[in-house]
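The values are calculated or read from the model by the stated rules, or taken from the named source; none is laboratory data. Note that the structure is predicted; figures quoted are calculated from it, not measured. Methodologically, a virtual Cβ is constructed for each residue, glycine included, from the backbone with ideal geometry; neighbour enumeration extends over all protein chains shown.
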Amino acid sequence: MKIAVITGAAGGIGYATVEKFVAEGYTVAAMDLMPADRAAEKMARFGDKVTYFVGDLSNSDSRKSFVEAVYAKYGHVDVLVNVAGVAPRQRNDILGMTEESYDWVMGINAKGTFFLTQLFANRMIGQPITDGIRGYIVNISSMSAYTSSTNRGEYCISKAGVSMITTLFADRLAEYGILVNEIRPGIIMTGMTETVKAKYDHLINDVGILPIKRWGQPEDIAKAVYTLSSGALGYTTGQSVDVDGGFHIQRL
């Protein structure tokens, strides 16, 4: 049985990733903050292929309980996908950013991702190795890791942090046969971008900010995550893959 752990599983990218891994034959341990009764409606279609856990990535006890529960149920993890992330509750210029907002965003996006990865990595190290691979870790960063948005600086800083988390764990875990990579999504149609849909519609359709002139979909990210953890790229670690419609291309 192949086991994938996916955080942020009730949201757009996370849910699409759950769908993809189930379709590829995985059993999924899914974690999100969404209450179980609400998530049950979304997860019911997967039957016993998905076990849903309510967890707070920013909370140490919650992280530890989740890892313990996953290993108690399955005994091993083949893939960890760190999707969970939040944007600031309110966009503020960096000259007015509050420490509360900074701590909340960083606590989930960077701190939570780091320490959950640490917990799973220490368990994965002890797992059997097959064809040189013990496991895969894929982090969901963002084009905001290298793109300035001065009205949500805490988000940019947190995603830059995720990129370094990827680099650090890729370096540290390579000797154990655990490959660590990241996806940098561009403008993706999710609940997080609903409030700025008009802005991005204009940038995509009128300004031409993207070479591929459409919104990205959660499924675009899910397919890339699966590719990185499928064994197809077994000589690749510490890599950032831009799934952004070509946003990263510098153009004149």
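Here is how the numbers come out for the structure above:
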| item | result |
| --- | --- |
| Residue satisfying all of: in region 57-66; without any contact (Cβ under 8 Å) to a residue 40 or more places away in the chain and under 17 Å from Val5 (Cα atoms); farthest from the chain's Cα centre (by Cα) among these | Ser65 |
| Scope region 92-130; condition of a type in the set (Gly, Ala, Ser) and at pLDDT below 95; matching residues | none |
| Region 205-231 residues that are closer than 12 Å to Gly186 by Cβ, paired with ones that are hydroxyl-bearing (Ser, Thr, Tyr) and exposed (fewer than 13 other Cβ atoms within 10 Å of the Cβ) (beta carbon under 9 Å, 6 or more apart) | none |
| One residue from Thr117, Thr167 being of a type outside the set (Phe, Trp, Tyr), under 20 Å from Tyr235 (Cα atoms) and in a helix (DSSP H, G or I) | Thr167 |
| Filter result (over 27 Å from Ala9 (Cβ atoms) and not in a loop (DSSP other than H, G, I, E, B)) within region 204-219 | Ile204, Asn205, Asp206, Val207 |
| Test set (1) closer than 23 Å to Ala222 by Cβ; (2) not in a helix (DSSP H, G or I) - Ser149 fails condition number | (1) |
| Residues located in region 173-203, provided they are assigned to a helix (DSSP H, G or I) and in contact (Cβ under 8 Å) with a residue 40 or more places away in the chain | Leu173, Ala174, Tyr176, Gly191, Met192 |
| Residue within region 131-140 that is at pLDDT 95 or above, closer than 17 Å to Thr113 by Cβ and basic (Lys, Arg) present | no |
| Odd one out for Ala72, checked against (1) under 21 Å from Phe120 (Cα atoms); (2) surrounded by fewer than 17 Cβ atoms within 10 Å (Cβ to Cβ); (3) touching a residue at least 12 places away in the same chain (Cβ under 8 Å); (4) not polar (S, T, N, Q) | (3) |
| Ile13 part of a helix (DSSP H, G or I), under 24 Å from Phe169 (Cβ atoms) and modelled with pLDDT of 95 or more | yes |
| Residue within region 6-15 that is within 14 Å of the chain's Cα centre (by Cα), farther than 25 Å from Gln127 by Cα and either of a type in the set (A, V, I, L, M) or surrounded by fewer than 21 Cβ atoms within 10 Å (Cβ to Cβ) (or both) present | yes |
| Region 147-178, residues that are among the aliphatic types (A, V, I, L, M) and over 16 Å from the mean Cα position of the chain (by Cα) | Leu168, Leu173, Ala174, Ile178 |
